[in-house]
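Comments concern the structure below.
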Amino acid sequence: MCFEKSSVFRLCVLSALCGCIFVGCGRKGPPLPPIVYVPRPVTELVAKRVEGEVVLQFKIPTANTDSSSPADLERLEVYAHTGPLPTTADYLKYGTLVHRIEVKQPPAPEEPESEEPRAESHAAAAPDVAGTTAPVTPKQGSDGVEKPGLVEQGWATSVRETLTEKHMDIGPMPPTRATVPVLTPAVPVETIETPGTVNFAMPVARYYTIVGVSKSRNRRGPYAGPIRVPLISPLHPPEKVDTTYTADVISLSWAGKPEDIVPQVAAVVPATPAADVAAVENPNQETPETYEIYADVETEETVDAARPGAPPVSRPAPRPAPRFGYNVYEAASAFAAKDAATADKPSAPDAPSAPDALSAPAAASAPVVPLNAALLTTPAFSDPRVEFGTERCYIVRRVEMVGAVAIESAPSPHACVTPIDKFPPAAPKTVNLVATASAVSLIWEPNTEEDLAGYLVLRGDAPGDKLAPLTPAPIGDAAYVDNSIRRNRTYVYEVIAVDKVGNQSEPSNRVEESIR
């Protein structure tokens, strides 16, 4: 009996050992593949139509989807398609690759220096200011070849696509599954239309999306977009832009359009019955069994319901977003060789200009933003950047907002102006004097102009019909001592401020003193 029990025990132990051997007993297997993270999508993506071009502006990501940085980003791909696609992934198959933007790879993290001496590499080092050697990091693309003009992570950039008649046609679409029609009894549908209305077709739109491709596994990350750009005709630009300037600002003006005016809609609150007029006159009075909750808490766009019997009250409704407006851009000189229609477009030196985006995509460029921070709804603009002797040229584009996309017209004729300093400084203030038997001391408040050259002190005999300068050249101090006086005479003094160009101010207040 005891022998049988020990045999069973031995058999159980042997089975356990075989099970451990079968499962490996903690033995390490082949290493798992590393987790591959993809870059985040681009941010701050906006689109606008400028004449016959679509401009996309965005910011290149700096991190991956797991928040690690720098981003594992080799390039950005911009796809476009006329007509909406069901999903963003469909753009790879049915869309058109219009831009491929290679991103400069960030430098590898610095390794800790070893205590052992390393051989100097003269090929990858260059002398710095102190005379030692510092590694040279050339701009390299994804293939390791040095390429000039690559964009970097975190940069704001833009790309453009020139529209043609071919882009107006709806592009290829994914096939749709045939559905079995459900037999239902026919129900007559009545078409109701307002008299005089005409149904019109919606304008064709082109959709754009951007995706980043990782360098480690050539995998695409999340898509940004798609963003819809209607392919409608731009408006006409202003025919003429007038310029004026002062010492502080350059002012532009042009003829506006009637549709620039945004109407102010008034919300009318219905009247209340006469029974509640007393309650309206005394709003704090409460009727029996009633009470008010949160009487003083309101948001900006809420409108209180009127009490019955109260007179109608008109309140301005929230101002709608403008549909039409203007953008002002700084342009090259009107006599420059650059064409006026492309004056606000950034140049991309050494960028390929082949039309085939797959073989030679156009290079990215810096975003071009208007001088005005917000869309102008009035035909005027002021530029505070006044530099005398420096020419500034402007163009104005008329804008139609279609949703969040701006459709900009061709540029207006160039408006160039070269401000000239013809503005004198302010007259010196509060001229006072103190006289003695041998001298007259003058003092006044100093001027604050940045281009002030000094002051001229004028003197004449009373009644002061003719004053002559005591100082042949402007003096820098706001004080002067006249030592050339004579007794028994009455003198009249004035002070004039002079700028560096030679413009003279109006005379200061006159002061008079009799020498005894």
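The values are calculated or read from the model by the stated rules, or taken from the named source; none is laboratory data. Please read all numbers here as calculations on a predicted model, not as lab measurements. Virtual Cβ from ideal backbone geometry, glycine too; neighbours counted across all protein chains shown. Accessible surface areas use protein heavy atoms only, side chains included; no ligands, DNA or RNA. Shrake-Rupley method; radii C 1.70, N 1.55, O 1.52, S 1.80 Å.
Looking only at residues that are basic (K, R) and open to solvent by 30 Å² or more (accessible area, probe 1.4 Å) in segment 49-94, which one is nearest to P411 (Cα to Cα)?
K59
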Original post:
Which of the residues belonging to segment 364-390 are open to solvent by less than 40 Å² (accessible area, probe 1.4 Å), farther than 30 Å from L150 by Cα and not in a loop (DSSP other than H, G, I, E, B)?
Top reply: L376, F381, D383
Original post:
Among the strands (runs of 3 or more DSSP E) contained in segment 474-516, which hold 2 or more residues that are open to solvent by 70 Å² or more (accessible area, probe 1.4 Å) and not small (G, A, S)?
Top reply: none
Subject >> Residue that is in contact with a Leu (Cβ under 6 Å, 6 or more places away or on another chain) and in contact (Cβ under 8 Å) with a residue 24 or more places away in the chain, where the choices are R392, R385, R459 >> reply: R459
**OP:** Looking only at segment 432-445, decide whether some residue is buried (at least 17 other Cβ atoms within 10 Å of the Cβ), more than 30 Å from V50 (Cα to Cα) and of a type outside the set (A, V, I, L, M, F, W, C).
**Re:** no
Subject >> Test for P39: is it closer than 19 Å to R217 by Cβ, in contact with a Gly (Cβ under 6 Å, 6 or more places away or on another chain) and either open to solvent by 60 Å² or more (accessible area, probe 1.4 Å) or modelled with pLDDT of 60 or more (or both) >> reply: yes
**OP:** Could you tell me whether N483 is within 55 Å of the chain's Cα centre (by Cα) and of a type outside the set (D, E, K, R)?
**Re:** no
**OP:** Report those strands (runs of 3 or more DSSP E) wholly inside segment 206-315 carrying at least 2 residues which are at pLDDT 90 or above.
**Re:** 220-230, 241-245, 250-254
